[in-house]
Amino acid sequence: MTLSSRARLLLASALMLFVELALIRWTSSNNLYLVHLTNFVLLASFLGIGLGFLRGATGRDLFPVAPVLLASLVAFVLLFSVRTGTTNSGGWALVGTFGLEPLPRWLSLTVIFLLTVTALGTIAQEVARTFALFPPLEAYRLDIGGSLLGIVTFAGLSLLRMPPLAWAVLSAAAFLLLLGTRVQSWRWLPAAGVLATVVMLGLESFLGSYQWSPYYKIRTETAAGGNVRIDVNNTPLQTTASVGQITQDSPFYLYPYTYAGAHDDVLVIGAGTGNDVAVALSQGAQRVDAVEIDPALVQIGRDRHPDQPYSDPRVTVHVDDGRAFMERASGRYDLILFALPDSATIVTGQSALRLENYLFTTQALERARSLLEPGGTFAMYNYYEPWLLDRYANTIRTVYGTAPCVQLGPTHGQRQQAVLSLRDDATTGGCTTTWTPRVGELEPSVDDRPFPYLGSRTIPSFYLGMLALVLLASLVLVRWVGGPLRQMRPYADLFFMGVAFLLLETKNVVQFALLFGTTWAVNAAVFTGVLLSVLAAVEVARRVHIARPLWLYAGLLAALALAWVVPGDALLDLPPVPRFAAGVTIAFLPIFLANLLFAVRFKGVGSSTTAFGANLLGAMVGGALEYLALILGFNALLIVVALCYSLAFFTGRKHLLPASPLAQVRSG
């Protein structure tokens with residue numbers, strides 16, 4: 001089958017984004033080194049795509065090698081997985097496949113980085129070769145259309161909870177369509193790579209009792225007494241058990257009720273498979289709102305929990321983000337429980353951008369307090385390291401003005417079972433074991449810096465080392481693949497636009513997560529909205545002559561200033577419809593203007609592939625600068641964005657000036 005050039009560019013762009021999303025999702029589910037490096041694979045992907053565009057149509061066609069490189073990456077991640085195990089003393093430890101010692105972190109991450117760069121780079125070369133056949137703006141338009149197709153397809157598979165085998169089959173079909181008959185002499189090699197990837201991901205999908213939710217790779221196995229043991233992303237999560245067994249093995253599940261007043265109406269956030277809900281029912285709750293973000297965990301609870309709490313008529317299940325549910329809630333509760341909502345996290349002292357971060361900010365706890373009935377109780381429990389217990393206790397004290405009650409349970413390694421509770425009137429309900437700092441009064445996390453697992457305003461040294469090595473490797477690879485860096489000098493403004501745009505996109509993802517929940521559907525909608533904004537900007541640039549594009553910079557800076565003075569949490573008090581309208585306007589207006597600037601500039605570039613490659617490499621640098629949020633907060637990224645667009649203005653303003661009358665006469 002022979003594809004037209006337009007169809008080829010659409011399909012290749014869709015494949016490129018689809019593979020990128022799949023790798024980001026899949027690698028972290030098999031290698032726990034990536035849990036704390038939330039954009040590591042994203043950086044590698046941007047570098048690979050940028051290199052593929054710099055190589056463009058020059059040199060040997062490497063696209064037939066892409067399936068082999070992708071299969072090599074899949075094989076490496078499966079053979080050298082990193083998961084949670086236990087030591088002889090019962091503590092947590094990282095182990096490799098078959099319980100062996102895992103590869104050193106530096107080696108594991110280096111191999112994943114290089115294989116990701118080369119796999120995405122060879123796919124991107126196919127995009128670039130077709131990209132060069134069209135005028136720059138038309139090529140960009142088709143590329144964005146393909147990207148939309150890729151993200152919508154991946155979101156659809158997430159909605160259907162399809163396993164990696166489905167991802168592999170769709171990718172294989174796209175590879176085979178794009179390869180066609182052009183590799184006559186050694187076509188068996190890409191076919192072998194495609195087949196190997198399908199087989200490996202097929203085995204993973206159907207062996208070991210795995211299922212894939214929109215968030216996790218979930219493994220279930222039958223434990224003692226017919227209970228179900230659940231691991232998510234190679235980390236133990238929980239074991240379903242009857243109330244009698246739960247309270248016997250872990251009596252701290254009952255601690256929140258010790259000093260609580262009435263608990264007829266209970267809200268459980270982090271309901272999981274239903275253990276905490278079953279305990280609430282056993283303590284006399286008459287109405288329970290059970291909030292769990294993962295639909296697969298809820299289904300396991302419905303099907304296999306011995307007490308069947310989700311079948312009880314007193315229970316209403318909400319598959320939702322906990323913070324988003326509280327923001328929308330209108331009822332009141334006698335007891336609000338944060339029930340191990342971060343139990344999938346191994347706390348190692350490093351920051352991790354996790355699903356539940358917005359649940360532990362001062363603003364979240366203030367909202368929880370506002371939902372309590374008079375005399376109602378707020379409680380949260382988990383296994384805490386001392387410094388993290390101090391942080392959460394200080395956050396509660398900041399909100400209530402009183403130190404919370406602390407009830408301690410057994411110690412597991414460096415972590416200890418603990419329950420923090422306080423009534424809405426800032427009393428402890430008779431509890432005398434109130435919190436006193438053991439490590440220090442750590443600064444509470446806030447919506448602008450939702451990093452509860454980061455001890456102070458700093459970028460951990462491991463991150464700095466990793467980012468330095470990534471940027472150094474990028475310089476070497478760009479020079480090796482693309483030739484002298486001076487060839488990109490004419491496109492310095494597009495490079496700075498790439499830096500700024502990635503940071504702007506990050507800020508918008510974070511803002512929408514705060515406004516509407518950190519769910520996969522919200523994230524998919526934001527990325528789709530970003531691409532639609534880009535496409536709208538391209539269509540405007542194609543159809544409207546903008547005589548003075550320099551004014552677009554003024555409009556962009558004004559839109560950034562608006563986003564700065566109206567932070568995301570300022571919109572939380574608005575009703576849902578006005579909140580959505582205001583959130584969309586504030587978030588997408590600067591994206592539209594930024595891409596209108598890019599489209600106007602890109603329309604007249606000499607080498608579309610080199611220019612686009614420079615822009616993508618800028619996005620990779622933006623991904624590194626994203627870590628500034630750990631120190632400054634997300635809103636401060638807008639300042640960095642404004643500075644980058646200012647640099648883009650100064651380095652590219654000559655391209656945006658209207659042509660002189662003499663030049664117009666000559667061109668005519």
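The values are calculated or read from the model by the stated rules, or taken from the named source; none is laboratory data. The structure presented is a predicted model; accordingly, all values stated were derived computationally and were not measured. A quick note on method: Cβ atoms are made from the backbone with ideal geometry, for glycine too, and the neighbour counts reach across all protein chains shown.
Numbers at a glance
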read-out: Complete set of residues in the range 585-616 that are under 24 Å from the mean Cα position of the chain (by Cα) and hydrophobic (A, V, I, L, M, F, W, C); value: ILE586, ALA587, PHE588, LEU589, ILE591, PHE592, ALA594, LEU616
read-out: The listed residue being touching a Pro at 6+ places or on another chain (Cβ under 9 Å) and not in a strand (DSSP E or B), out of GLY244, GLY225; value: GLY225
read-out: LEU475 being without any contact (Cβ under 8 Å) to a residue 60 or more places away in the chain and farther than 30 Å from PHE602 by Cα; value: no
read-out: The range 96-116, residues that are over 25 Å from the mean Cα position of the chain (by Cα) and part of a helix (DSSP H, G or I); value: THR97, PHE98, GLY99
read-out: The range 532-548, subset of a type in the set (A, V, I, L, M, F, W, C) and surrounded by fewer than 21 Cβ atoms within 10 Å (Cβ to Cβ), residue farthest from the chain's Cα centre (by Cα); value: ALA547
read-out: Residue match in the range 412-428 (condition: farther than 25 Å from PRO374 by Cβ and at pLDDT 90 or above); value: yes
read-out: Qualifying residues in the range 564-584 (those that are within 24 Å of the chain's Cα centre (by Cα) and over 20 Å from ALA368 (Cα atoms)) - the one modelled with the lowest pLDDT; value: PRO567
read-out: Some residue of the range 272-287 being without any contact (Cβ under 8 Å) to a residue 40 or more places away in the chain, within 17 Å of LEU371 (Cβ to Cβ) and of a type in the set (D, E, K, R); value: yes
read-out: Unique match (being part of a helix (DSSP H, G or I), free of Cβ contacts under 8 Å to residues at least 12 places away in the same chain and farther than 21 Å from SER213 by Cβ) among ALA124, ALA119, ALA173, ALA128; value: ALA173
read-out: Helices (runs of 4 or more DSSP H) (entirely within the range 454-547) containing at least 3 residues that are assigned by TED's automatic domain parsing to the domain that holds SER607 and among the aromatic types (Phe, Trp, Tyr); value: 461-482, 492-516
read-out: Boolean, SER209 is closer than 17 Å to ILE300 by Cβ and surrounded by fewer than 21 Cβ atoms within 10 Å (Cβ to Cβ); value: yes
